[in-house]
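**Student:** Here it is, the structure in full.
The values are calculated or read from the model by the stated rules, or taken from the named source; none is laboratory data. Quick caveat: nothing in here was measured; it's all calculated off a predicted structure. Cβ coordinates were reconstructed from backbone atoms using ideal geometry, including for glycine residues, and neighbour counts include every protein chain displayed. These accessible areas exclude ligands, DNA and RNA; they are computed on the full protein's heavy atoms, side chains included. Shrake-Rupley method; radii C 1.70, N 1.55, O 1.52, S 1.80 Å.
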Amino acid sequence: MKNKIIVTGGCGYIGSHTVIELLENNYDVVILDDLSNSTEDTLDRILKITGTKPTFVNVDLKDETATKAIFQKHKDAKAVINFAAHKAVGESVKEPLMYYRNNLYSLINVLSSQIENNIEGFIFSSSATVYGTPETLPITEKDETQRPFSPYGNTKKIAEEIIDDVIKSNSNLQSISLRYFNPIGAHESGLIGELPSGIPNNLMPYITQTAAGIREKLMVYGNDYPTKDGTPIRDYIHVVDLAKAHVLAVERILKKEQDEAFEVFNLGTGNGFSVLDVINSFEKVTNSKLNYEIVERRPGDVPKLYAATNLAKEKLGWSADKSLDEMIKSSWDWEQKFRKQNTN
Ligand code: UD1
């Protein structure tokens, strides 16, 4: 018998890559997604890659009755991986209630539905944004979290607090929160990758869309930060490496290897690269020049953020193995293959 895992937001960028890793590791997958920022044809792409089409339910997880009914139907599931959330930082500043409502109602409904059905494992898709502006680097899981700049980021921080409270009140729930640094890249098949709706907020899709001629030029937000070249430093991580960590987190819970009922792990490479490093690597890998301009800082950007990775290595047996060039090449391959598939 295969172990069944419920994946909310499984049609999205990180969700779909994780579904592939789960299927390839012999899990049964049920995807719950409202397709608000993804499309159903992801399921056919997953089928092409893995030979399996996961069970799919189109559901709005803000709807408590509908969520409970689905969990009742899949109460034989062993764990839930919760990706479903809105994630655009700028939009969250303009529409905070939409973000709190969507990201937190769905979390509450999922947690209460799984507790009702004795599904023990809960893996949460968190973000390095919970560290705010760190005082020391690399940042460890033991370092204090801070109120993030954006409502989006705050939903991640509040969500971790909700999970912590629920765990303390319920001895059966076992949870792992995975704090992602900056996920980029795409599956090697070129069939799935990041598909930002509208104008991208994040650096990598903005670069690839600029190089593809969809955007005129990349704006580099500030070169007067206290870093080696003045541009902010981040820890970019390949989405497939990230996806693999979720499978290890599921295994850790199912094998009852946790030290505590609620654990938190950073998912990064531990290497910091500046915006100009990323641009230089892109130009080298693609043998082209990128049109960009240095402009004002973007509000809320921190100068430097990169992960301490030893806890994930020691406890999950996980580390990222893709280089910056490989990550960038895979983002670019995806951009080109995707445009080709959609212009034919
Ligand atoms: C952002 C969010 C973070 C979220 C993460 C994942 C903020 C403050 N943080 O992280 O909460 O979890 O995305 O989606 O928004 N840059 C440019 N030009 C661009 C875009 C980005 O110069 O057009 C620079 C930024 O200033 C930053 C770096 O590139 O220094 C990375 O930006 P981005 O990809 O948006 O990620 P974060 O800001 O680190």
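**Student:** Per residue, what accessible area does region 131-288 have, given a 1.4 Å probe and all protein chains present, in Å²?
**Tutor:** I get 42 Å² per residue for region 131-288.
**Student:** What whole-number value in Å² describes the accessible area per residue of region 1-87 for a 1.4 Å probe? Display every interim value, and only then the final one.
**Tutor:** Values: 3750 Å² over 87 residues.
Here the per-residue accessible area is 43 Å².
**Student:** Of all the accessible heavy-atom surface of region 297-342, with the other protein chains kept in place and a 1.4 Å probe, what percent is carbon and sulfur? Kindly include the intermediate steps, with their values, before the conclusion.
**Tutor:** Numbers: 1180 of 2520 Å².
About 47 percent, which is the carbon plus sulfur part of the accessible surface.
**Student:** Okay, next question. I need to check one value: relative contact order of the chain, counting alpha carbon pairs closer than 8 Å and at least 6 residues apart, in percent.
**Tutor:** Worked out over the chain, it gives 19 percent.
**Student:** For region 65-141, which whole percent of the accessible surface, found with a 1.4 angstrom probe, sits on carbon and sulfur atoms?
**Tutor:** 56 percent
**Student:** Starting from the Cα gyration tensor of region 215-344, take the square roots of the eigenvalues, sort them a ≥ b ≥ c, and report rounded, prolate or oblate (rounded when a/c is under 1.5, otherwise prolate if a/b is larger than b/c, else oblate).
**Tutor:** The shape class here is oblate.
**Student:** Percent relative contact order of region 199-326, based on C-alpha pairs within less than 8 angstrom and at least six residues apart?
**Tutor:** Details: 169 pairs, mean separation 49.1, N = 128.
For region 199-326, the relative contact order is 38 percent.
**Student:** Counting only DSSP beta bridges with both residues in the chain, what percent are antiparallel, rounded to the nearest 5?
**Tutor:** Given both bridge residues lie in the chain, the antiparallel proportion sits at roughly 5 percent.
**Student:** For every other residue with a beta carbon closer than 14 angstrom to the beta carbon of L97, add +1 if it is Lys or Arg and -1 if Asp or Glu, then tell me the sum.
**Tutor:** Neighbourhood net charge equals +1.
**Student:** Additional query: Give, as a single signed number, the net charge of other residues whose beta carbon lies under 10 Å from the beta carbon of I108, with Lys and Arg counted +1 and Asp and Glu -1.
**Tutor:** Computed value for this residue: 0.
**Student:** Kindly point out which whole DSSP H helices in the chain project their C-alpha atoms 20 angstrom or further along the helix axis while averaging a Kyte-Doolittle hydropathy of 0.5 or above.
**Tutor:** Numbers: long enough: 151-169 (26 Å, -0.53); 239-254 (23 Å, 1.22); 324-343 (29 Å, -1.59).
Span-like helices, by this rule, are 239-254.
**Student:** Let me know the Kirkwood hydrodynamic radius for region 113-211, please, with Cα pairs as the basis and the value in Å to one decimal. Please report the intermediate quantities before stating the final value.
**Tutor:** Details: mean 1/r = 0.0621 Å⁻¹.
Hydrodynamic radius (Kirkwood, Cα only) of region 113-211 equals 16.1 Å.
**Student:** Let me ask something else about it. For region 158-291, just the Cα atoms, rotate onto the principal axes and tell me the three extents in Å, largest first.
**Tutor:** If we take the Cα atoms of region 158-291, the spans are 55, 38, 27 Å.
**Student:** Holding the Cα-Cα limit at 21 Å, pick out from K68/K156; K2/K73; K62/K255; K228/K329; K53/K329 the pairs that are longer than that.
**Tutor:** Beyond 21 Å: K68/K156; K62/K255; K228/K329; K53/K329.
**Student:** Here is a follow-up. Quick one: net charge around Y306, please, counting Lys, Arg +1 and Asp, Glu -1 for every other residue with C-beta under 10 Å from its C-beta.
**Tutor:** +1
**Student:** Given Cα positions, please report Rg to Rh for the chain, the hydrodynamic radius being the Kirkwood one.
**Tutor:** 0.95
**Student:** Students sometimes get this wrong: rank K94, K337 by accessible area, probe 1.4 Å, all chains present, largest first.
**Tutor:** K94, K337
**Student:** Please work out whether region 1-86 counts as rounded, prolate or oblate from its C-alpha gyration tensor, where a ≥ b ≥ c are the square roots of the eigenvalues and a/c under 1.5 means rounded, while otherwise a/b larger than b/c means prolate and anything else oblate?
**Tutor:** It is oblate, given that a/c is not under 1.5 and a/b is not larger than b/c.
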